[in-house]
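Peer 1: The following block contains the structure, expressed as structure tokens.
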Amino acid sequence: MIGMLLTLLIASVLLIIVLLRLLRQKQAELNDLTRFYSNLAGTTGFDNIIKILTDEISARGVEVIAFYRKNKSDNTLESDTGRIPLLEKSSAVKAFYTLNSCKLGNYHDVDKGLVKKLGADTVFIPVHMKKEDPCWKTCGCGNRACAAYNKHECACWLQSGKTYRSVQMKTYNEKLAKCTRCKSFLPIGVFAVRGNKTGKVHTFINNHFSGALKNSVLYERAMYSARMDSLTNVLNRRSMEEHLLNAFKLAEKYRHSLSLCLFDIDHFKRFNDTYGHQTGDMILRELAGLIAALAREVDVVARYGGEEFCLIFPHTDKGHAFEISERIRTDVEAHVFPTGKQVTISMGVASYPEDDAAGPKELLKQADIALYRSKITRNAVTAYRQVFQDEIKK
């Protein structure tokens with residue numbers, strides 16, 4: 001009898017010890033979460049959240065090699081260390097799409113390159129947004145044949161074959177390329193890490209912070225939409241004016257050159273009247289993309305209004321800005337648009353400090369006057385001169 005009581009007492013003590021350890025562990029996890037959320041307070045930028053997450057993962061004894069974020073413009077996972085194609089098989093891509101951690105192997109050509117760069121013991125941990133509603137609800141999809149239809153957990157980008165929103169694509173990769181641009185698509189990127197507790201890190205990130213990551217992504221999308229022109233996908237006028245103001249302040253402070261070019265499409269009203277506004281919109285979109293491709297990386301391309309666009313050339317004097325504008329003009333003249341049509345543009349260039357503009361508004365006015373001179377002959381580039389303004393006053 002005494003032996004039984006002693007056994008029960010020892011068992012009770014051991015149970016209490018175990019419960020206390022679990023309680024301390026849960027309290028430590030709660031303290032970590034509280035501290036982490038306090039670090040996140042007021043943070044909306046995606047890069048800042050990833051930096052905080054990186055620090056937290058490192059504090060758990062797991063080495064973070066890189067973070068690869070989805071780049072929807074070219075369908076890659078992109079980081080400072082390089083790019084991983086999203087439409088080619090690799091361990092990183094598998095982790096990204098399936099939302100499950102995946103150890104790097106030598107299964108595919110892409111993996112072989114990653115092993116050399118990152119190391120064979122690398123593990124990819126996916127990062128995704130919080131799921132609010134299934135994709136068929138979010139997109140209003142009525143395709144009952146889709147494997148994801150009327151299901152909550154099913155990932156449509158993995159289980160619906162070549163079908164995208166009731167339309168049969170030619171290839172699965174073509175369908176995936178569209179999926180990565182869908183607002184229901186949850187994956188954001190992958191962490192490349194090394195360590196023994198990667199499973200716990202995966203749970204830590206996606207169970208607790210997928211909501212914060214989603215809010216950050218939605219905030220970035222809203223900010224992007226506010227800056228961009230919805231038709232041409234280049235900066236809108238308001239953003240352009242902000243860029244020009246900041247660039248002018250820097251040019252004024254450090255006395256370096258700043259050039260501005262205004263240009264528009266010749267006879268665009270006649271073009272719209274002849275071919276219709278839908279064709280006109282296609283021309284505007286294609287032209288904006290062409291100009292963005294022809295401009296340098298440091299240049300700013302924006303839609304000023306209607307068929308009028310603007311180019312900001314930082315650290316560029318008038319002569320160099322004129323040469324760039326002339327090259328763009330000739331390339332546009334030679335370009336055949338998808339509609340089979342060709343257009344020409346007229347351009348006006350003004351520069352600080354050469355044209356002695358008192359501010360960004362005056363620089364814009366000078367470029368506009370130069371553009372007006374180009375419109376006399378059309379399909380030309382004109383550099384601003386003071387005599388033009390004197391002629392207008394007369």
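The values are calculated or read from the model by the stated rules, or taken from the named source; none is laboratory data. These figures come from a predicted structure and were not determined experimentally. Note: ideal-geometry Cβ built from the backbone for every residue, glycine included; neighbour counts use all protein chains shown. Note: areas computed on protein heavy atoms with side chains; ligands, DNA, RNA excluded. Shrake-Rupley method; radii C 1.70, N 1.55, O 1.52, S 1.80 Å.
Peer 1: Could you list all residues from region 175-195 that are of a type in the set (D, E, K, R), modelled with pLDDT under 85 and either assigned to a loop (DSSP other than H, G, I, E, B) or open to solvent by 40 Å² or more (accessible area, probe 1.4 Å) (or both)?
Peer 2: Lys178, Arg181, Lys183
Peer 1: When you look at Leu235, is it at pLDDT below 95, crowded, with 21+ Cβ neighbours inside 10 Å and within 23 Å of Lys361 (Cα to Cα), yes or no?
Peer 2: yes
Peer 1: Also, I was wondering about something else. Restricting to region 348-373, what's the tally of residues that are within 22 Å of Leu287 (Cβ to Cβ), out of contact with any Asp or Glu (no Cβ under 8 Å at 6 or more places or on another chain) and in contact (Cβ under 8 Å) with a residue 40 or more places away in the chain?
Peer 2: Looking only at that region, the number is 6.
Peer 1: Quick check on region 239-251. Is at least one of its residues polar (S, T, N, Q), farther than 17 Å from Asp368 by Cα, at pLDDT 90 or above and open to solvent by 40 Å² or more (accessible area, probe 1.4 Å)?
Peer 2: yes
Peer 1: Being within 16 Å of Asp266 (Cβ to Cβ) and of a type in the set (Val, Ile, Thr) is true for just one of Ile291, Ile324, Ile312. Which residue is that?
Peer 2: Criteria check complete, one pass: Ile291.
Peer 1: A further question follows. Restricting attention to region 231-269, which residues are of a type in the set (D, E, K, R), without any contact (Cβ under 8 Å) to a residue 60 or more places away in the chain and farther than 12 Å from Val300 by Cβ?
Peer 2: Within region 231-269, Arg238, Lys249, Lys253, Lys269 meet the criteria.
Peer 1: Taking the condition among the acidic types (Asp, Glu), surrounded by 13 or more Cβ atoms within 10 Å (Cβ to Cβ) and modelled with pLDDT of 90 or more, does Glu78 pass?
Peer 2: yes
Peer 1: With respect to Ile376, determine if the residue is β-branched (Val, Ile, Thr) and buried (at least 19 other Cβ atoms within 10 Å of the Cβ).
Peer 2: no
Peer 1: Also, quick follow-up: Name the single residue, out of those in region 44-58 being open to solvent by 40 Å² or more (accessible area, probe 1.4 Å) and assigned to a helix (DSSP H, G or I), that is farthest from Ser210 (Cα to Cα).
Peer 2: Ser58
Peer 1: Can I ask one more? Which ranges mark the helices (runs of 4 or more DSSP H) fully within region 196-304 that have 3 or more residues being touching a Cys at 6+ places or on another chain (Cβ under 9 Å) and among the charged types (D, E, K, R)?
Peer 2: Counting at least 3 such residues, we get no helices (runs of 4 or more DSSP H) at all.
Peer 1: Which members of region 196-214 meet the condition of being over 16 Å from Glu132 (Cβ atoms), open to solvent by 10 Å² or more (accessible area, probe 1.4 Å) and of a type in the set (A, V, I, L, M, F, W, C)?
Peer 2: The answer is Phe204, and nothing else.
Peer 1: Of the conditions (1) surrounded by fewer than 16 Cβ atoms within 10 Å (Cβ to Cβ); (2) within 16 Å of Thr232 (Cβ to Cβ), Tyr304 satisfies every one except a single condition; which number is it?
Peer 2: The failed condition is (1).
Peer 1: So which of Asp355, Asp299 is under 23 Å from the mean Cα position of the chain (by Cα), charged (D, E, K, R) and crowded, with 16+ Cβ neighbours inside 10 Å?
Peer 2: Asp299
Peer 1: So, of the residues in region 177-230 that are β-branched (Val, Ile, Thr) and in contact (Cβ under 8 Å) with a residue 12 or more places away in the chain, which turns out to be nearest to Val300 (Cα to Cα)?
Peer 2: Out of the qualifying residues, it is Val217.
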